[in-house]
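The values are calculated or read from the model by the stated rules, or taken from the named source; none is laboratory data. Everything numeric in this text was worked out from a predicted model, so none of it was measured. Every residue, glycine as well, gets a Cβ built from its backbone with ideal geometry; the counts of neighbours run over all protein chains shown.
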2 protein chains.
Amino acid sequence: MKPTIKDVAKKANVSIATVSRILNQLPGYTEETKRKVLEAIEELNYKPNALARGLIGKKTQTIGVLFPYVSSMLSSEILDGIENIAHDRDSSVIVCHTASNGERTMKYLQMLHEKRVDGLIFASSILTEAYYQRMVDMNVPVVLLSTASSHPFPFVKVDDEIAAYSATEYLIQKGHRHIAMVSGSSNDPIAGIPRIEGFKKALKDYQLPCHDHSIIHCNSFGFYDGQRVLPLLLDKYPEATAVFAASDDLAMGVISSAYQLGIAVPQQLSVIGYDNTRSAEMAIPPLTTVAQPLVGLGEAGASMLFEMIDTGESVPSKLMEHYIVERESVKKLE
Amino acid sequence: MKPTIKDVAKKANVSIATVSRILNQLPGYTEETKRKVLEAIEELNYKPNALARGLIGKKTQTIGVLFPYVSSMLSSEILDGIENIAHDRDSSVIVCHTASNGERTMKYLQMLHEKRVDGLIFASSILTEAYYQRMVDMNVPVVLLSTASSHPFPFVKVDDEIAAYSATEYLIQKGHRHIAMVSGSSNDPIAGIPRIEGFKKALKDYQLPCHDHSIIHCNSFGFYDGQRVLPLLLDKYPEATAVFAASDDLAMGVISSAYQLGIAVPQQLSVIGYDNTRSAEMAIPPLTTVAQPLVGLGEAGASMLFEMIDTGESVPSKLMEHYIVERESVKKLE
DNA sequence: CTGAAAGCGCTTACAG
DNA sequence: CTGAAAGCGCTTACAG
């Protein structure tokens with residue numbers, strides 16, 4: 001069977017304690033013994049058993065990440081960032097796809113608990129009381145990513161309200177006076193409401209009108225909602241010259257719908273998105289959007305988590321900078 | 001500290017063996033003891049330690065998945081499928097992002113070995129001799145996903161040559177006679193060469209010309225290559241009325257370039273892609289493409305892996321069906 | 001510099 | 001039906 005530390009010890013003619021020391025770069029052996037042991041390891045093709053190691057109480061070198069959807073561009077770029085940092089730290093990442101399902105999330109939490117992960121990243125969902133309790137039970141560091149809560153876990157995200165404000169302001173500075181918004185899930189306390197507030201605030205600060213029909217509410221942040229909703233929007237607010245979509249997918253839906261309606265973007269209608277996912281640059285026309293540093297969010301979240309794991313203390317929350325990526329979907333009005 | 005099986009045993013006034021039996025639904029206790037034990041578990045909020053369990057030699061309920069890029073639409077949909085099946089099986093998935101880097105891949109393999117994963121899915125990369133050796137050392141089932149090799153691991157993929165043939169044939173049936181191909185990484189033995197062969201074969205079967213300049217070779221399957229390459233293609237092959245792009249990203253690049261060149265798709269140039277990633281439906285015009293069942297590939301690969309884990313025997317390789325998704329990027333020529 | 005031994009939290013024969 | 005004990009593969013004081 002697979003060689004164990006005993007086999008190595010026997011082959012090298014030392015005790016398992018010595019092998020362990022060498023494996024863990026602890027002091028206490030001569031160069032000569034080290035050589036012998038390394039040689040035995042090599043010959044036997046020995047690989048230490050991480051389970052046994054973890055059992056002793058050391059870390060498992062594994063973190064868990066919970067995403068509502070693992071197959072969205074958003075999640076996958078964030079995951080990319082997390083994975084990069086974890087790799088630098090010789091840690092593995094277990095991904096969990098919750099489908100925004102409470103029961104499923106609880107089950108994942110249980111699994112991650114049993115596997116004794118060193119920490120948790122909880123991304124892009126609302127932290128319920130039940131999740132919170134379970135996480136407290138686990139007694140490991142957790143960081144919230146692209147979400148926030150009143151519970152005492154640090155988060156990393158961009159300021160949605162300010163970012164939405166920026167997007168709207170950008171449109172205003174390009175000369176637009178009749179601006180509409182496609183809001184996404186408008187009752188979502190994380191990604192819905194704050195973006196709407198930012199939009200409203202910008203309009204107000206610039207003394208521009210914000211009617212009821214300036215904002216059209218959807219049930220999701222997805223492409224099809226954007227597509228579905230543009231005709232309705234234009235019907236109620238035909239003077240609109242620009243729309244701020246609360247996600248890139250929504251924006252792509254809007255552009256797609258405009259295309260079908262024979263409305264030229266940006267000549268007749270300007271569109272700005274939110275996220276700067278990979279698809280924004282592939283859009284026709286290339287989509288102007290307010291960028292979230294997605295990979296950066298993942299990296300920051302993972303770094304924060306590892307710091308907590310190392311120090312045993314919490315870290316401050318972090319707001320990441322958004323920025324406007326100018327492409328070709330917004331026209332400057334003279 | 002965290003309660004262990006001992007604490008539960010003490011509280012319920014039984015031995016740890018009995019607790020273990022109840023935990024694992026083995027026979028050998030009265031309803032009454034079971035009740036007591038369950039109660040103790042509940043009160044102590046006891047969670048079994050998966051590390052200790054795994055150490056005994058039982059499975060770790062964890063599989064490892066290796067992707068070249070974790071943040072591509074392709075990978076993330078495949079991962080979605082894998083994760084679904086793993087969840088049904090109460091298993092976790094560790095994702096590894098190899099960046100197509102040999103050293104990094106070897107390191108991941110080492111980590112996964114140390115963590116004693118129950119099996120491996122190796123996706124979308126070429127299985128080198130070194131990887132193969134390491135995997136054999138690990139002595140766990142592995143399945144190849146969207147790739148194949150002469151080594152004796154089962155694979156699941158679509159038949160690239162036939163799928164490419166279908167795409168080309170589709171264009172021919174739409175009346176196109178001058179068809180070009182944007183090939184992606186043309187020396188890639190998995191996704192490069194077979195698609196080129198399929199393209200050539202279709203042209204030949206229908207007695208259509210295939211010149212040197214009918215195929216333009218890229219270094220990747222990415223958007224920017226498609227974008228960069230269209231002008232070159234058209235320069236050498238101006239009569240082309242349709243192009244088969246070896247990936248959706250490539251196709252989006254072609255469409256984007258056409259847009260900038262003032263060439264209308266599909267009126268002046270038809271484009272068919274390959275993959276049917278999420279972005280295909282968001283393209284303008286919506287992209288006709290030959291679909292790989294991405295989530296299905298992930299599910300099939302994971303199912304095969306778990307079957308191997310359960311039975312200890314290999315399973316047959318599997319070719320998944322591709323199919324053409326007709327959208328609006330191909331024009332019928334009269 | 002080195003080893004014997006206890007212990008991490010479980011499961012699994014074995015014996016009763 | 002139930003428990004004592006060995007053992008999974010390591011790490012960590014402790015003693016020399």
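Residues that are farther than 25 Å from B:S92 by Cα: find the strands (runs of 3 or more DSSP E) completely inside segment B:281-334 holding 3 or more of those. Give the steps one after another, and end with the answer.
On the way: elements: B:288-291, B:318-320, B:323-325.
Passing ranges, in order: B:288-291, B:323-325.
When you look at A:S100, is it crowded, with 23+ Cβ neighbours inside 10 Å, more than 16 Å from DNA strand C (Cβ to nearest atom) and among the small types (G, A, S), yes or no?
Spelling it out, it is not the case that A:S100 is crowded, with 23+ Cβ neighbours inside 10 Å, more than 16 Å from DNA strand C (Cβ to nearest atom) and among the small types (G, A, S).
Against the conditions (1) of a type outside the set (F, W, Y); (2) within 16 Å of DNA strand C (Cβ to nearest atom); (3) under 30 Å from A:S220 (Cα atoms), where does A:V70 fall short? Just the number, please.
(2)
Being farther than 26 Å from A:I78 by Cβ, at the interface with another protein chain (Cβ under 9 Å from one of its Cβ atoms) and among the small types (G, A, S) is the requirement here; does B:G119 meet it? It would help to see each step written out before you state the result.
Values: farther than 26 Å from A:I78 by Cβ: yes; at the interface with another protein chain (Cβ under 9 Å from one of its Cβ atoms): no; among the small types (G, A, S): yes.
Considered against the rule, which asks whether it is farther than 26 Å from A:I78 by Cβ, at the interface with another protein chain (Cβ under 9 Å from one of its Cβ atoms) and among the small types (G, A, S), B:G119 comes out as no.
Looking at segment A:237-286, which of the residues that are surrounded by 24 or more Cβ atoms within 10 Å (Cβ to Cβ) and of a type in the set (D, E, K, R) is farthest from the other protein chains (Cβ to nearest Cβ)?
Checking each candidate, the answer is A:D275.
With the requirement that a residue be under 22 Å from A:D212 (Cβ atoms) and not in a helix (DSSP H, G or I), what does segment A:248-280 give you?
Within segment A:248-280, A:L269, A:S270, A:V271, A:I272, A:Y274 meet the criteria.
Take the conditions closer than 21 Å to A:D160 by Cα, free of Cβ contacts under 8 Å to residues at least 40 places away in the same chain and hydrophobic (A, V, I, L, M, F, W, C) and apply them to A:I216. Does it pass? Quick ask: steps written out before the conclusion?
On the way: closer than 21 Å to A:D160 by Cα: yes; free of Cβ contacts under 8 Å to residues at least 40 places away in the same chain: yes; hydrophobic (A, V, I, L, M, F, W, C): yes.
Yes, satisfied.
If you take just the helices (runs of 4 or more DSSP H) that sit entirely in segment B:1-117, which of them hold at least 3 residues that are within 12 Å of DNA strand D (Cβ to nearest atom)?
Details: elements: B:5-12, B:16-23, B:31-44, B:50-55, B:73-88, B:102-114.
By residue number, B:5-12, B:16-23, B:31-44, B:50-55.
Take segment A:171-193 and flag every residue that is surrounded by fewer than 21 Cβ atoms within 10 Å (Cβ to Cβ) and either in contact with a Ser or Thr (Cβ under 8 Å, 6 or more places away or on another chain) or part of a helix (DSSP H, G or I) (or both).
Within segment A:171-193, A:I172, A:Q173, A:K174, A:R177, A:H178, A:S185, A:I190, A:G192, A:I193 qualify.
Would you confirm whether or not segment B:85-92 contains a residue that is closer than 30 Å to A:I78 by Cβ and of a type in the set (A, V, I, L, M, F, W, C)?
Of segment B:85-92, the ones closer than 30 Å to A:I78 by Cβ are B:85-92.
Checking which are of a type in the set (A, V, I, L, M, F, W, C) leaves us with B:85-86.
Looking through segment B:85-92, at least one residue is closer than 30 Å to A:I78 by Cβ and of a type in the set (A, V, I, L, M, F, W, C).
Taking segment A:123-142, which residues are assigned to a strand (DSSP E or B) and closer than 25 Å to B:P3 by Cα? Break it down into steps so the answer makes sense when it comes.
Step one: filter segment A:123-142 for residues assigned to a strand (DSSP E or B), giving A:123, A:142.
The one that is assigned to a strand (DSSP E or B) and closer than 25 Å to B:P3 by Cα: A:V142.
Among the residues of segment B:128-151 satisfying the criterion of being among the aliphatic types (A, V, I, L, M) and surrounded by fewer than 14 Cβ atoms within 10 Å (Cβ to Cβ), which is farthest from the other protein chains (Cβ to nearest Cβ)? Steps first, answer last, please.
First, pick out the residues of segment B:128-151 that are among the aliphatic types (A, V, I, L, M): B:130, B:135-136, B:138, B:140, B:142-145, B:148.
If we keep only those that are surrounded by fewer than 14 Cβ atoms within 10 Å (Cβ to Cβ) as well, we get B:130, B:136.
Numbers: B:A130: 14, B:V136: 11 Å.
Across segment B:128-151, the extreme among qualifying residues is B:A130.
So how many residues does segment A:22-53 have that are among the polar types (S, T, N, Q) and either within 14 Å of chain B (Cβ to nearest Cβ) or surrounded by 16 or more Cβ atoms within 10 Å (Cβ to Cβ) (or both)?
Taking segment A:22-53 first, the residues among the polar types (S, T, N, Q) are A:24-25, A:30, A:33, A:45, A:49.
Filter once more, so that each one left must be either within 14 Å of chain B (Cβ to nearest Cβ) or surrounded by 16 or more Cβ atoms within 10 Å (Cβ to Cβ) (or both): A:24, A:33, A:45, A:49.
Selection size over segment A:22-53: 4.
Quick check on my filter: what residues within segment A:1-20 are near DNA strand C (Cβ under 8 Å from one of its atoms) and of a type in the set (G, A, S)?
Of everything in segment A:1-20, those that are near DNA strand C (Cβ under 8 Å from one of its atoms) and of a type in the set (G, A, S) turn out to be A:A9, A:S15, A:A17, A:S20.
If you take the residues of segment A:81-93 that are buried (at least 22 other Cβ atoms within 10 Å of the Cβ) and in contact with a Ser or Thr (Cβ under 8 Å, 6 or more places away or on another chain), which of them is nearest to the other protein chains (Cβ to nearest Cβ)? Steps first, please.
Within segment A:81-93, the first condition is being buried (at least 22 other Cβ atoms within 10 Å of the Cβ), and the residues that meet it are A:81-83, A:86, A:91-93.
Narrowing further to those that are in contact with a Ser or Thr (Cβ under 8 Å, 6 or more places away or on another chain): A:86, A:91-93.
Working: A:A86: 9, A:S91: 9, A:S92: 5, A:V93: 6 Å.
So the residue we want is A:S92.
Looking at A:A123, is it outside the structural domain of A:V243 (by TED's automatic domain parsing) and surrounded by fewer than 17 Cβ atoms within 10 Å (Cβ to Cβ)? Let's see the steps before the verdict.
Numbers: outside the structural domain of A:V243 (by TED's automatic domain parsing): yes; surrounded by fewer than 17 Cβ atoms within 10 Å (Cβ to Cβ): no.
No, not satisfied.
In segment A:194-222, which residue that is of a type in the set (S, T, Y) and more than 26 Å from the chain's Cα centre (by Cα) is surrounded by the most Cβ atoms within 10 Å (Cβ to Cβ)? Don't jump to the end; show me each part of the working.
Keep residues of segment A:194-222 that are of a type in the set (S, T, Y), which gives A:206, A:214, A:220.
From the residues that got through so far, the ones that are more than 26 Å from the chain's Cα centre (by Cα) too are A:206, A:214.
Values: A:Y206: 14, A:S214: 21.
Applying the filter and picking the extreme gives A:S214.
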